[in-house]
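See below for the structure under consideration.
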């Protein structure tokens, strides 16, 4: 019985915290303090892309000895090749975040809620 009370108390606290954060977000949205939805999505896309590029560059630098024998015509630490690959991956990742975010802003929120 004591565990049930503790569980209910935890659930109610989580629900209240989520509700208050939603109200705070709604108030900020009405006052124009929050950025546009595309900016919110793109901020996360930039963050995740940056983390992925950093991890990828570190992994590429660390694995140069392993792949040295499989590379023909380029050096493992060729700066131009690494920069081109990094820019290409970054462009694709940002485009993959922007296009769905732009499409989502064109949907009526009430229609999307009814669909679910």
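The values are calculated or read from the model by the stated rules, or taken from the named source; none is laboratory data. Fair warning: this is a prediction, and the values are worked out from it, not measured in the lab. All Cβ positions, glycine included, derive from the backbone under ideal geometry; neighbour counts span all protein chains shown.
Looking at the stretch 74-81, can you tell me whether even one residue there is more than 30 Å from residue 42 (Cβ to Cβ), touching a residue at least 12 places away in the same chain (Cβ under 8 Å) and loosely packed, with under 12 Cβ neighbours inside 10 Å? Among the residues of the stretch 74-81, at least one is more than 30 Å from residue 42 (Cβ to Cβ), touching a residue at least 12 places away in the same chain (Cβ under 8 Å) and loosely packed, with under 12 Cβ neighbours inside 10 Å, which makes the answer yes.
Conditions tested, residue by residue: (1) within 21 Å of the chain's Cα centre (by Cα); (2) in the same structural domain as residue 40 (by TED's automatic domain parsing); (3) outside any helix (DSSP H, G or I); (4) under 23 Å from residue 51 (Cβ atoms).
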| residue | (1), (2), (3), (4) |
| --- | --- |
| 65 | no, yes, no, no |
| 68 | no, yes, no, no |
| 72 | no, yes, yes, no |
| 75 | no, yes, yes, no |
| 80 | no, yes, no, no |
| 86 | yes, yes, no, yes |
| 93 | yes, yes, no, yes |
| 96 | yes, yes, no, yes |
| 100 | yes, yes, no, yes |
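Among residues of the stretch 45-59 that are under 19 Å from residue 79 (Cβ atoms) and assigned by TED's automatic domain parsing to the domain that holds residue 80, those with a beta-carbon under 8 Å from a residue that is modelled with pLDDT under 95 and in a helix (DSSP H, G or I) at least six positions away or on a different chain give the pairs 53/86; 53/89; 53/90; 56/86; 56/89; 57/82; 57/86. When we screen 69, 12 for residues that are surrounded by 10 or more Cβ atoms within 10 Å (Cβ to Cβ) and at pLDDT below 80, the only hit is 12.
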